[in-house]
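Working notes for the structure below.
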Amino acid sequence: MAFVTEQQIRKFHEDGFLVLEEFFTTEECDAMRKQIHKIIADMEVPSHCRTEFSTKEEEQLQAQGSTDYFLTSGDKIRFFFEKGVFDKKGEFLVPKEKSVNKVGHALHAYDPIFKQMTHSSKVQELGRKLSLEKPVVVQSMYIFKQPGIGGEVTPHQDATFLYTEPLGRVLGLWIALEDATQENGCLWFIPGSHTGGVTRRMVRAPPGSTPCVQFLGSEQPYEDSQFIPVPIGKGGLILIHGEVVHRSELNSSNSSRHVYTFHLMEAKDTIWSRENWLQPTPELPFPSLYL
């Protein structure tokens, strides 16, 4: 891993994101990819849990918000699927390894390989460089961005879903396990968009309500011209401020774009909203990054 400089940290605070090429080695990336293939090979998903993942608001409320499978996935390893991969009976129309949108949300806690990478000495060192005193891991995901069908991720701020008081305490670490290009769906950011707070929050609805989550506020309209593409090579890491606006486009290429990503929260003097969909549990309190 290249040494992270003070200049880079200033750049992160200025832009709301930072690209760190070659943060993980090829071997480490391949170990994570090999492990996810094992997890998918062993995957057993009951038909009623076959949830298609979406980032469009109405579809989110219908798919994720109406199912306990999503809401109770914070302390489990669960599977979420691309659109159109099931028939009307809930059977797979494509090979299951090509059907998955993401695996989440506790790989960092329950899988030995992902736990090792999440808590690796270089990630801990990065946390210290960023002056994080009590960082905890709140969630993790493996995102596949399948060739040809990997859906777009609409413009959003992570703090919409992972809200804290005060704001500015959530940080995403996004690790490219394959080259992420404009063709296969790299991230796009609006530099400097992390300074205006959040305009929308996804919160748990009152018990017994359907759907189980609701949105407060609305996402601002953004111009395409505001976004810049941020391609990154295999092994690269993108630091993502919780309030920076980012998106990714549909993967219409023949190449997948595998990513392992997780979120940290600076727990010192921070309140995690009890309205967030994701909550720590007695079985899995948010683990400290600095094991």
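The values are calculated or read from the model by the stated rules, or taken from the named source; none is laboratory data. Nothing here was measured: the structure is a model prediction, and the numbers come from that model. Virtual Cβ from ideal backbone geometry, glycine too; neighbours counted across all protein chains shown. Note: areas computed on protein heavy atoms with side chains; ligands, DNA, RNA excluded. Shrake-Rupley method; radii C 1.70, N 1.55, O 1.52, S 1.80 Å.
A few notes on this one:
- Counting only heavy atoms of the protein chains and using a 1.4 Å probe, K38 has close to 110 Å² of accessible surface.
- Ordering of 275-288, 171-184 by packing [mean C-beta count within 10 Å, highest first]: 171-184, 275-288
- Note, ³J(HN,Hα) from phi for the range 40-45, Karplus 6.51, -1.76, 1.60, rounded to Hz, x at Gly and Pro: 5, 4, 8, 5, 10, 10
- Kirkwood hydrodynamic radius of the range 228-283, Cα pairs, Å: 15.1
- Model label points for D42 and D269, set 7 angstrom from Cα along the Cα-to-Cβ axis, are 4.3 nm apart.
- Among the listed pairs K76/K129; K129/K268; K34/K96; K98/K145; K38/K115, a Cα-Cα separation exceeding 21 Å is found for K76/K129.
- Computed [θ] at 222 nm, deg cm²/dmol, the chain (DSSP H ≥ 4; -39,500 (n - 2.57); rounded to nearest 500): -5500 deg cm²/dmol
- Projecting the Cα atoms of V198, Q116, W188 onto the charge dipole of the chain (Cβ charges, centred on the Cα centre) puts Q116 farthest toward the positive pole.
- Multiplying each eigenvalue of the alpha-carbon gyration tensor of the range 193-286 by 5 and taking the square root yields semi-axes of 28, 20, 17 Å, largest first, rounded to whole angstroms.
- Accessible area per residue was computed with a 1.4 Å probe on protein heavy atoms; D30 scores about 70 Å².
- Residues of the chain: accessible area per residue with a 1.4 Å probe, Å²: 45
- Element breakdown for the range 6-272 at a 1.4 angstrom probe: carbon and sulfur atoms account for 50% of the accessible area.
- Using the empirical formula 2.2 N^0.38 Å as the baseline, the Cα radius of gyration of the chain reaches a ratio of 0.94.
- Here the simple spin-label model places points 7 Å from the Cα toward Cβ, and for Q214 and E283 these points are separated by 2.9 nm.
- Our Cα-only numbers for the range 93-212 put the radius of gyration and Dmax at 16.8, 48 Å.
- Under the simplified labelling scheme, the Q226-T5 pair shows an inter-label distance of 3.1 nm, with each label point 7 Å from Cα along Cα→Cβ.
- A simple count of charges around P206, restricted to other residues whose Cβ falls under 13 Å of its Cβ and scoring Lys, Arg +1 and Asp, Glu -1, yields +1.
- Residue-span extension gain [V94 to L291] - 0.36 nm each, minus C-alpha spacing: 66.9 nm
- Aspartates and glutamates whose Cα lies under 13 Å from that of K122, excluding same-chain neighbours fewer than 8 positions away: E22, E28
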